[in-house]
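Data first, discussion second: the structure below is written as structure tokens.
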Amino acid sequence: MSRIGFVGTGHIAAPMVRFLAARGHDIWVTERSAKVSAQLKSELGVTVADAQSVVDASDIVFLCLRPQVAADILTPLTFRADQQIVSVMAAVSTDQLAELCAPASDFVQTIPLGFLATGGCPLAALGNDRLLADLFEPENPVIKVADQAALNTHFAICAMVPGILDLMATGADWLADQTGNADGAEFYTTQLISGFLSAMEKGKAGQLAAERDALATDGTLSLQMTDALRSGKAHDALNAALAAIGKRLET
Ligand SMILES: NC(=O)c1ccc[n+]([C@@H]2O[C@H](COP(=O)([O-])OP(=O)(O)OC[C@H]3O[C@@H](n4cnc5c(N)ncnc54)[C@H](OP(=O)(O)O)[C@@H]3O)[C@@H](O)[C@H]2O)c1
């Protein structure tokens, strides 16, 4: 078991702390957000301390700060050469991390989502993917990426999740208007998509298109839907948003 520290104890740190504490690791977290750290302390018995004490105590340090404050918070901290660093911060590059965390040089950058706590979250990994796999597999599969640009494209795809949720919310609202049962409409819509995706074979290119084509055959309601979304330029909008987000992450 390892001593694992979190610098930044916010939305994305909390589910990782829960997952790693359940595996028996000894967890230290910084105090802010105070409400989150107090909850983790009472729930899991983690140690709450200032950032330098968290770094000093840890074999592995998770950096879970907002990118815009990362340099200000990390620059004054002293890291050790033997420490391993996991960064989940979008738009903080490997070069910047190397500068901010020197002399530590064993890094992995990844993109967790909150459902990692219950498993099934794919973790794109730039750097020491073995470290991430040791911590989070087999519940959460680790997918090695080649370089910073590739990691950034995975961040862009993560932004697609709320985009898809937004579309699903529109569909569920439409259903609720027809049925008068908002809870039932939301449950049906959510269960339909999650049940479909969990039953689907994964990991092979072309599977999404094959599933679509199996449903959207000539004369079907499914084909009417896929054609309408294409002619309404939904795909153009998605591609444009992905390109714009990818560009934003380059800067
Ligand atoms: N949320 C996600 O689903 C997600 C997914 C993948 C990656 N990420 C990345 O994770 C990072 C954090 O995102 P988040 O959503 O978890 O944001 P967040 O909830 O705002 O967490 C950031 C944390 O940093 C704390 N903080 C601010 N100043 C600090 C200081 N001087 N010392 C110690 N802690 C300090 C904040 O505390 P206060 O609340 O007191 O300001 C807050 O707890 C971002 O870089 C984001 O790109 C997030």
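Structure notes:
- The range 4-101: GluC sites (Glu not before Pro) falling in loop per DSSP and having at most 15 other Cβ within 10 Å: 31
- From helices alone, the chain scores -17500 deg cm²/dmol at 222 nm; the rule is -39500 (n - 2.57) for each run of n ≥ 4 DSSP H residues, then divide by the residue total.
- Centroid-to-centroid separation of the range 216-237 and the range 16-40 [C-alpha atoms, Å]: 45
- Two-decimal Rg to Rh for the range 3-145 - Kirkwood Rh, Cα set: 0.92
- Here the contact order of the range 3-145, divided by its residue count and restricted to Cα pairs under 8 Å and six or more residues apart, works out to 21 percent.
- Relative contact order (%) - the chain, alpha-carbon pairs under 8 angstrom, separation at least six: 13
- Annotation for the range 152-221: trypsin sites (Lys or Arg not before Pro) lying in DSSP loop with at most 12 further Cβ atoms inside 10 Å of their Cβ are 202, 204.
- Around the amide H of residue 216, modelled in the peptide plane, lies no amide H under 5 Å away from a residue 5 or more places distant or on another chain.
- In order through the range 167-176: 3J(HN,Hα) via Karplus (6.51 cos²θ - 1.76 cosθ + 1.60), integer Hz, x for Gly, Pro: 4, 5, 5, 5, x, 5, 5, 4, 5, 4
- Other-chain or far-sequence residues with amide H under 5 Å of residue 140's (modelled H): 120
- Restricting the range 171-251 to GluC sites (Glu not before Pro) that sit in a DSSP loop and have at most 12 other Cβ atoms within 10 Å of their own Cβ leaves 201.
- Relative contact order, percent, the range 80-198 [alpha-carbon distance under 8 Å, six or more residues apart]: 17
- Residue by residue, the range 34-46 carries 3J(HN,Hα) couplings of 4, 5, 5, 5, 5, 5, 5, 5, 6, 7, 10, x, 5 Hz when phi is fed to the Karplus relation 6.51 cos²θ - 1.76 cosθ + 1.60 (θ = phi - 60°); x denotes Gly or Pro.
- Segment residue 229-residue 153, extension gain: residue separation times 0.36 nm, minus the distance between their alpha carbons: 25.0 nm
- From phi via Karplus (6.51, -1.76, 1.60), per-residue ³J(HN,Hα) for the range 142-152 in Hz, x at Gly/Pro: 9, 10, 5, 10, 7, 7, 4, 4, 5, 4, 4
Only the coordinates and a few stated rules stand behind these numbers; no lab work does. Quick caveat: nothing in here was measured; it's all calculated off a predicted structure. All Cβ positions, glycine included, derive from the backbone under ideal geometry; neighbour counts span all protein chains shown.
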